[in-house]
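*Asks:* Handing you this structure, nothing more for now.
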Amino acid sequence: MIEIKNISKHYGDHVVLNDISLRFPKGKITSLIGSNGTGKSTLLSIMSRLLVQDNGEVFVNEKKNTDYKSAVLSQHLSILKQFNNIELKLTVKELVSFGRFPYSQGRLSEEDHEKIEETLGFLDLIELQDMYLEALSGGQRQRAYLAMVVAQDTEYILLDEPLNNLDMRHSVQIMKILRKLTEVLGKTIIVVLHDINFASHYSDYIAALKNGRVKYFGKANEIINEDILKDLFGISFCISQSNGKKLCNYFNHFN
Amino acid sequence: MRNNSRNIMLISSLAIVSMVFYLFFSLGNSWEFALHYRGMKLAAIVVVSCSVAYSTVTFQTLTTNRILTPSIMGFESVFMLLQTLLVFIYASESFKAVNNLENFLLSIVCMVGFAFVLYMLIYRKGVRNMYLLLLIGLVLGILLNTLSSFLQLLIDPNNFFIVQGKMFASFSNINQDLLAYALFILGITILLSFRYIKRLNILALGRDQAINLGLNYNKNIRLFLVVIAVLVSVSTALVGPVLFLGLLVSNLTYEILNTYKHEVIIPVCALVTLVVLVGGQFLTEYIFELSTPISTIINFIGGIYFVYLLIRRKKL
């Protein structure tokens with residue numbers, strides 16, 4: 001169980017997060033949605049100790065995240081941020097091997113190697129494993145980074161806009177992997193998404209942020225609602241049903 | 001991978017050949033003296049190679065920027081200010097007032113102290129951004145440089161030559177005692193820090209990834225910044241400012257090697273530095289007949305290479 005209690009964060013006078021509390025359902029995908037600048041990424045960074053909050057606490061399995069040793073916490077919780085530009089000569093397999101660092105401290109065991117192979121298979125990266133990252137396309141690179149986090153084999157996986165700059169096919173590919181991670185491996189995934197339809201179709205729960213607070217939280221189908229979305233984004237939505245999921249049309253240029 | 005081992009073999013043999021060649025090239029009659037003298041210079045070159053390679057590669061990894069060298073933090077400015085101050089205060093008596101060994105140790109203490117002050121300024125809040133650290137170092141460096149220039153204007157022109165002698169790196173007048181101290185400090189530093197070197201592989205992924213993988217980012221940055229400060233001080237105090245060299249050799253090493261592993265990159269970089277320095281020293285001694293200091297040659301070549309890097313890279 002991952003839970004945040006009374007989290008606040010401000011930059012100067014600007015309050016980004018204002019006394020947020022939330023329990024994230026275990027073994028499910030929860031999407032964080034909201035306009036730009038509502039603190040989604042900040043929240044994710046605080047939950048993953050990349051950023052220190054001004055107030056409040058983060059609990060991972062009923063234990064405060066500051067009470068964990070960093071190396072131990074990274075066996076429970078992992079994060080992937082949106083900008084991953086590094087100038088290293090790394091192959092896909094080497095990158096994925098980094099995911100085992102919390103367990104091996106750089107010296108890979110038999111078990112680590114098995115995990116790495118398994119992950120490469122899981123993310124369909126076997127053929128690319130010896131390619132250098134710089135030679136990959138954006139979608140493949142994103143998948144390789146995701147593989148590193150998967151190899152880390154944590155209960156909780158936090159992803160900050162994993163679909164950024166990906167085309168539709170690669171976006172769907174990533175989201176399908178996330179579904180598989182929760183359904184097959186039982187992972188709890190918290191993901192910041194900008195595309196409301198991906199949130200609607202692939203997540204179990206949605207948490208919507210506005211003005212530094214969690215304004216709405218609930219099952220995806222309950223949150224995807226014309227009034228709520230209008231309140232969140234300030235534009236009107238036209239929602240239809242398809243395959244039991246809600247589809248949002250916000251291309252309302254004409255009205 | 002096979003490419004890597006071939007290149008490592010190549011650079012190792014090049015290093016050995018250049019060292020042997022430098023030692024035994026036209027020895028002449030008083031060969032014992034010449035050999036001893038050249039051996040000293042070679043030992044100094046080895047010290048500088050190791051410290052420049054280790055400090056530069058580490059620094060570039062911490063900042064995830066490959067066109068920076070630790071000189072941006074203002075270490076060399078501290079060194080120059082100290083040398084200027086000594087001459088300013090004691091004038092031509094400065095050698096008597098502060099002997100070589102004292103000067104060497106004082107330089108190291110000042111540079112490492114400077115680094116500590118710099119980290120203290122920033123670490124109270126924790127490092128969010130390495131670039132803030134660099135920026136403050138850069139600004140302080142410029143301030144100290146200006147101060148040095150000002151003092152240099154005030155001192156007697158004859159005494160200015162003493163300062164000028166310190167401004168350019170030189171391997172020609174190596175003091176045996178200093179060399180021993182430098183070797184000792186270098187050895188201890190490398191011995192103590194080398195087992196942490198794999199952490200650099202993780203730090204190279206950037207702050208967020210390093211923390212995600214369970215590394216204590218601030219603690220490790222601090223650790224390696226101290227290592228950098230000590231290494232840079234030793235080499236600067238021994239031969240003078242040569243940090244620009246780091247830019248040349250580290251990027252050459254990245255070209256040669258196809259790996260992310262710092263436990264390989266750093267030793268190979270030290271070998272590359274060795275070859276460049278021995279070559280440069282050979283040029284100064286036998287082609288330019290000591291009319292041009294080695295740092296001029298290095299800065300000239302390094303400068304050209306730097307421009308090449310800037311032009312070639314699309315993004316910085």
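Just so it is clear, none of the values below were taken in a lab; they were calculated from the coordinates. Not measured: the values here are computed from a predicted model. Using ideal geometry, Cβ is built from the backbone for each residue, glycine included, and neighbour counts are taken over all protein chains shown.
*Asks:* Give the Rg/Rh ratio for region B:197-298, taking Rg as the radius of gyration of the Cα atoms and Rh as the Kirkwood radius, to two decimals.
*Replies:* On the way: Rg = 16.8 Å, Rh = 15.6 Å.
With Rg and the Kirkwood Rh in hand, the quotient comes to 1.07.
*Asks:* Among B:261, B:166, B:219, whose mean-square fluctuation peaks in a Gaussian network model of chain B (Cα, cutoff 10 Å)?
*Replies:* Maximum fluctuation in the GNM of chain B, among the listed residues, is at B:219.
*Asks:* Starting from the Kirkwood Rh over alpha-carbon pairs, what translational D in µm² s⁻¹ does region B:209-267 have by Stokes-Einstein at 4 °C and 1.567 mPa s? Numbers along the way, then the final one.
*Replies:* Numbers: Rh = 13.7 Å.
For the chosen part, D equals 95 µm²/s.
*Asks:* How would region A:58-120 be classified by its alpha-carbon gyration tensor: rounded, prolate or oblate, with rounded meaning a/c under 1.5 and the a/b versus b/c comparison settling the rest? Show your work: numbers first, answer last.
*Replies:* On the way: a/c = 2.35, a/b = 1.45, b/c = 1.62.
Judged from the Cα gyration tensor, region A:58-120 comes out oblate (a/c at least 1.5, b/c at or above a/b).
*Asks:* Just to be sure I understand the curve: with the Debye formula and one point per C-alpha of region A:1-136, what is log10 I(q)/I(0) at q = 0.10 Å⁻¹?
*Replies:* -0.45
*Asks:* Rounded, prolate or oblate for region B:168-230? Axes are the square roots of the Cα gyration tensor eigenvalues, ordered a ≥ b ≥ c, and the cut-off for rounded is a/c under 1.5.
*Replies:* prolate
*Asks:* Which whole-number percent gives the relative contact order of region A:88-153, counting Cα pairs below 8 Å spaced six or more residues apart?
*Replies:* On the way: 66 pairs, mean separation 35.3, N = 66.
53 percent.
*Asks:* Mind listing the phi-derived Karplus ³J(HN,Hα) values for region B:164-173, rounded to whole Hz, using 6.51, -1.76 and 1.60 with θ = phi - 60°, and x for any glycine or proline?
*Replies:* Going residue by residue, I get 4, x, 7, 6, 10, 5, 8, 9, 7, 10 Hz, with x marking Gly and Pro.
*Asks:* Considering the Cα positions of region A:175-255, please state its Rg to one decimal place and its Dmax as a whole number of Å.
*Replies:* Gyration radius and largest Cα-Cα distance of region A:175-255: 13.4, 45 Å.
*Asks:* For every other residue with a beta carbon closer than 10 angstrom to the beta carbon of residue A:8, add +1 if it is Lys or Arg and -1 if Asp or Glu, then tell me the sum.
*Replies:* Working: positive: A:9; negative: A:19, A:54.
Neighbour charge sum, excluding residue A:8 itself: -1.
*Asks:* Please list log₁₀ I(q)/I(0) at q = 0.11, 0.12 Å⁻¹ for region B:1-97, using the Debye equation with identical point scatterers on the alpha-carbon positions.
*Replies:* -0.64, -0.73
*Asks:* Which length gain, in nm to one decimal place, applies between residue B:3 and residue B:283 when the Cα-Cα distance is subtracted from 0.36 nm times their residue separation? Intermediate results must be reported in sequence, preceding the final value.
*Replies:* Values: separation 280, 0.36 × 280 = 100.80 nm, distance 3.01 nm.
This chain segment gains 97.8 nm when fully extended.
*Asks:* I want the antiparallel fraction of DSSP beta bridges within the protein assembly as shown, as a percent rounded to 5.
*Replies:* Bridges in the protein assembly as shown that DSSP calls antiparallel: roughly 60 percent.
*Asks:* Taking only the Cα atoms of chain A, how large is their convex hull per residue, in Å³?
*Replies:* Numbers: hull volume 36.2 nm³, N = 255.
Here the figure is 142 Å³ per residue.
*Asks:* For chain A, what is the relative contact order in percent, using Cα pairs closer than 8 Å and at least 6 residues apart in sequence? The partial results should precede the final answer.
*Replies:* Values: 452 pairs, mean separation 63.5, N = 255.
Here the relative contact order equals 25 percent.
*Asks:* Which of these, B:192, B:106, B:257, has the largest mean-square fluctuation under a Gaussian network model of chain B (Cα springs below 10 Å)?
*Replies:* Residue with maximal mean-square fluctuation among B:192, B:106, B:257: B:192.
*Asks:* Starting from the coordinates of the alpha-carbon atoms of region B:66-187, obtain the Kirkwood hydrodynamic radius over all distinct pairs and give the value in Å to one decimal. Present the calculation step by step, with values, prior to reporting the outcome.
*Replies:* Values: mean 1/r = 0.0632 Å⁻¹.
By the Kirkwood definition, the hydrodynamic radius is 15.8 Å.
*Asks:* If you take the alpha carbon radius of gyration of region B:11-62 and divide it by 2.2 N^0.38 Å, what ratio comes out, to two decimals?
*Replies:* On the way: Rg = 14.4 Å, N = 52, 2.2 N^0.38 = 9.9 Å.
Computed over Cα atoms of region B:11-62, the ratio equals 1.46.
*Asks:* Quote to one decimal, in nm, the extra length available between residue B:191 and residue B:177 on full extension: 0.36 nm per residue of separation minus the C-alpha distance between them. Don't skip to the answer; put the middle values down first.
*Replies:* Values: separation 14, 0.36 × 14 = 5.04 nm, distance 2.11 nm.
Result for the pair: 2.9 nm of gain on full extension.
*Asks:* From the residues B:302, B:64, B:291, which one has its Cα farthest along the dipole of chain B in the positive direction, the dipole being from +1 and -1 charges on Cβ of Lys/Arg and Asp/Glu about the Cα centre?
*Replies:* B:64
*Asks:* Arranged by the count of other C-beta atoms within 10 angstrom, fewest first, what order do A:227, A:13 take?
*Replies:* On the way: A:227 8, A:13 5.
Fewest to most other Cβ atoms nearby, the residues stand as A:13, A:227.
*Asks:* Kirkwood hydrodynamic radius for region B:69-121: how many Å is it when counted over pairs of different Cα atoms?
*Replies:* Values: mean 1/r = 0.0851 Å⁻¹.
Averaging 1/r across every pair of different Cα atoms and inverting gives 11.7 Å.
*Asks:* Considering the alpha-carbon set of the protein assembly as shown alone, what are its Rg and its Dmax in angstrom?
*Replies:* 28.4, 98
*Asks:* Let me ask something else about it. If you take every residue apart from residue A:56 with its C-beta less than 9 Å away from the C-beta of residue A:56, what net charge results, scoring Lys and Arg +1 and Asp and Glu -1? Let's see the in-between values first.
*Replies:* Working: positive: A:5, A:9; negative: A:19, A:54, A:57.
Combined, the nearby Lys, Arg, Asp and Glu give -1.
*Asks:* Next question. Under the rule a/c < 1.5 gives rounded, and otherwise a/b versus b/c splits prolate from oblate, where does region A:82-204 land using the Cα gyration tensor? Please list the in-between numbers first.
*Replies:* On the way: a/c = 1.90, a/b = 1.33, b/c = 1.43.
Note, shape of region A:82-204 comes out oblate.
*Asks:* Moving on to the next point. Fewest to most neighbouring Cβ within 10 Å: what's the order for B:121, B:154, B:183? Before the final figure, lay out each step's value.
*Replies:* Details: B:121 14, B:154 9, B:183 17.
Exposure proxy ranking, most exposed first: B:154, B:121, B:183.
*Asks:* Still on this structure, I have one more. Taking the mean number of other Cβ atoms within 10 Å as a proxy for protection, how do you rank B:6-19, B:264-277, A:183-196 from highest to lowest? Walk me through the numbers on the way to the answer.
*Replies:* Values: B:6-19: 15.1, B:264-277: 23.7, A:183-196: 19.1.
My ranking of the peptides, most packed first, is B:264-277, A:183-196, B:6-19.
*Asks:* Which whole-number percent gives the relative contact order of region B:2-312, counting Cα pairs below 8 Å spaced six or more residues apart? Please report the intermediate quantities before stating the final value.
*Replies:* On the way: 347 pairs, mean separation 107.0, N = 311.
It rounds to 34 percent for region B:2-312.
*Asks:* At 7 Å along Cα-to-Cβ for each site, give me the label-to-label distance between residue B:100 and residue B:218 in nm.
*Replies:* Each label point is offset 7 Å from its Cα along the Cβ direction, giving 4.4 nm.
*Asks:* I would also like to ask the following. Quick one: which of B:69-80, A:202-213, B:47-58 comes out on top by average Cβ neighbours within 10 Å, and what's the full order, highest first? Could you put the intermediate results ahead of the total?
*Replies:* Working: B:69-80: 24.7, A:202-213: 20.6, B:47-58: 27.2.
Ranked from most to least packed, the peptides come out as B:47-58, B:69-80, A:202-213.
*Asks:* For a quick size check, give me the Cα extents of region A:88-153 along its three principal axes, largest first, whole Å.
*Replies:* Dimensions of region A:88-153 along the principal axes of its Cα atoms: 30, 24, 16 Å.
*Asks:* Work out the P(r) tail for region B:2-312: percent of alpha carbon pairs separated by more than 34 Å, whole number.
*Replies:* Details: 10379 of 48205 pairs.
The answer is 22 percent, as a whole percent.
*Asks:* Would you mind ranking A:229, B:191 so that the residue whose beta carbon has the fewest other beta carbons within 10 Å leads the list?
*Replies:* Details: A:229 23, B:191 9.
Fewest-to-most ranking of A:229, B:191: B:191, A:229.
*Asks:* Diagonalise the Cα gyration tensor of region A:125-184 and give the resulting equivalent ellipsoid semi-axes, square root of 5 times each eigenvalue, largest first, whole Å. Intermediate values should be presented prior to the final figure.
*Replies:* Details: eigenvalues 69, 43, 22 Å².
For region A:125-184, the ellipsoid semi-axes come out as 19, 15, 11 Å.
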